[in-house]
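Trainee: My questions will all concern the structure given below.
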Amino acid sequence: LFADWPVCVIPNPIDTNVWKPLDRQIARRAFNFPEDKKIILFGAYGGTSDARKGYALLEEALSAIADVRDDIQLVVYGQSQPEQLPETRIPTTYVGILNDPVTMVLLNNAVDVFVNPATQEAFGQTVSEAQACGLPVVAFSKTGIADIVDHKVTGYLAQHANPQQLADGLLWVLDREDDSADIS
């Protein structure tokens, strides 16, 4: 029915004058994050309780990472610290709901990798924002994020809903960052 209709892509506009890389050490100091940790950022409004956002899969991935590395910290935005903390061997900091772009840009620049473990995601605005800040992204394939992340170039696309692959992707990004730090 629409075979002869023109098709065009309308890009999602992100103001790259706002969403851009900044000095990581300054950003970390602003949040009082440790400078000797590799920090993984996860964010979604109420994300730890919404099964579609994949937090349970992220917990499994973090458990696998804790077996390999002891220098990892998780930062969660989009919610306050829950009364009942999840059991995890990875230290976790909750920064609450952040509504202004300046704080979000600073947060994206204070961490090492953004993870979006959602199993259902149409687009993933947070992924585009993280990448505009120069942050690698780890996510599952077979979601809208697969159109944003270039596998093993701008991040890592794990097999859909596979927590071990998510862990592998996070470790791949962090190991590459370790290697680049050694080179400089």
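The values are calculated or read from the model by the stated rules, or taken from the named source; none is laboratory data. What you see is a predicted model, and the numbers here were worked out from it, not measured in a lab. Every residue, glycine as well, gets a Cβ built from its backbone with ideal geometry; the counts of neighbours run over all protein chains shown. Side chains are part of the model used for accessible areas, which takes the heavy atoms of the whole protein and leaves out ligands, DNA and RNA. Shrake-Rupley method; radii C 1.70, N 1.55, O 1.52, S 1.80 Å.
Trainee: For region 1-112, which fully contained helices (runs of 4 or more DSSP H) count at least 3 residues that are open to solvent by 30 Å² or more (accessible area, probe 1.4 Å), over 22 Å from residue 167 (Cβ atoms) and of a type in the set (Val, Ile, Thr)?
Mentor: Details: elements: 24-31, 55-66, 101-109.
Filter on region 1-112 gives an empty set.
Trainee: Can you go through 149, 153, 138 and tell me which one is of a type in the set (A, V, I, L, M) and either modelled with pLDDT under 95 or farther than 23 Å from residue 56 by Cα (or both)? Quick ask: steps written out before the conclusion?
Mentor: On the way: 149 fails: either modelled with pLDDT under 95 or farther than 23 Å from residue 56 by Cα (or both); 138 fails: either modelled with pLDDT under 95 or farther than 23 Å from residue 56 by Cα (or both).
Matching residue, one of 149, 153, 138: 153.
Trainee: Within region 156-176, work out how many residues are more than 20 Å from residue 52 (Cβ to Cβ) and in a strand (DSSP E or B).
Mentor: Of the residues in region 156-176, 1 are more than 20 Å from residue 52 (Cβ to Cβ) and in a strand (DSSP E or B).
Trainee: Please specify each residue of region 113-150 satisfying the condition of being farther than 21 Å from residue 20 by Cα and either assigned to a strand (DSSP E or B) or acidic (Asp, Glu) (or both).
Mentor: Residues of region 113-150 farther than 21 Å from residue 20 by Cα: 117-122, 140-144, 146.
Within region 113-150, 121, 140 qualify.
Trainee: Please pick out the residue among 130, 122, 158 that is aliphatic (A, V, I, L, M) and surrounded by fewer than 19 Cβ atoms within 10 Å (Cβ to Cβ). So that I can check it myself, show each step before the final result.
Mentor: Working: 130 fails: surrounded by fewer than 19 Cβ atoms within 10 Å (Cβ to Cβ); 158 fails: surrounded by fewer than 19 Cβ atoms within 10 Å (Cβ to Cβ).
Every option except 122 fails the conditions.
Trainee: Identify the single condition in (1) without any contact (Cβ under 8 Å) to a residue 60 or more places away in the chain; (2) open to solvent by 20 Å² or more (accessible area, probe 1.4 Å); (3) over 21 Å from residue 22 (Cα atoms) that residue 164 does not satisfy, given that it satisfies every other one.
Mentor: With respect to (1) without any contact (Cβ under 8 Å) to a residue 60 or more places away in the chain; (2) open to solvent by 20 Å² or more (accessible area, probe 1.4 Å); (3) over 21 Å from residue 22 (Cα atoms), residue 164 is out only on (1).
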